[in-house]
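The values are calculated or read from the model by the stated rules, or taken from the named source; none is laboratory data. Because the structure is a prediction, the values reported are computed rather than measured. Cβ coordinates were reconstructed from backbone atoms using ideal geometry, including for glycine residues, and neighbour counts include every protein chain displayed.
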């Protein structure tokens, strides 16, 4: 290998190393443990109406879990909205919540916690964990900082 080829290869290797060690341009505002615990809490509570895929309901009573399998309280709640429940993942969710902060999202979920007691969820921190899971399902990556009710990062700054 001649001197120029060696320098070219060395330069490419150095550039690749520097590029791979650059921090992500996305903020990491929750831990992996929060998202894992959030998934379990979501599936017991929010997932009943918003579905396990987080895609919500668009009026189809056969969407799993089926409307008929839900509790009376859940059926009444979504029945008031013509069996429509907004998605918690995907383009529509990000368009709706992208400019809001994570703290605002936690606060909104706090308002909707009517279904938590029925699911046996009594820890208010589960709402924060559920928020972490939903952010993760929208492309956000976990880090070392824990999500809190005061996290000021916008949803757009963490999802990909």
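Annotations
- The residue that is nearest to residue 132 (Cα to Cα), counting only those in segment 63-75 that are surrounded by fewer than 16 Cβ atoms within 10 Å (Cβ to Cβ) and in contact with a helix residue (DSSP H, G or I) (Cβ under 7 Å, 6 or more places away or on another chain), is 65.
- Here is the figure for segment 76-91: residues that are in contact with a helix residue (DSSP H, G or I) (Cβ under 6 Å, 6 or more places away or on another chain) and either closer than 21 Å to residue 117 by Cα or free of Cβ contacts under 8 Å to residues at least 12 places away in the same chain (or both) total 3.
- Segment 102-142, residues that are over 15 Å from the mean Cα position of the chain (by Cα) and part of a loop (DSSP other than H, G, I, E, B): 112, 113, 119, 120, 121, 122, 123, 124
- Apart from one condition, residue 91 fits all of (1) closer than 16 Å to residue 54 by Cβ; (2) modelled with pLDDT of 95 or more; (3) crowded, with 17+ Cβ neighbours inside 10 Å; the exception is (3).
- Residues in segment 75-101 that are part of a helix (DSSP H, G or I) and under 15 Å from the mean Cα position of the chain (by Cα): 91, 92, 93, 94, 95, 96, 97.
- Of all residues in segment 46-62 being buried (at least 17 other Cβ atoms within 10 Å of the Cβ) and not in a helix (DSSP H, G or I), the one that is nearest to the chain's Cα centre (by Cα): 54
- Failed condition for residue 149, given (1) touching a residue at least 60 places away in the same chain (Cβ under 8 Å); (2) part of a loop (DSSP other than H, G, I, E, B): (1)
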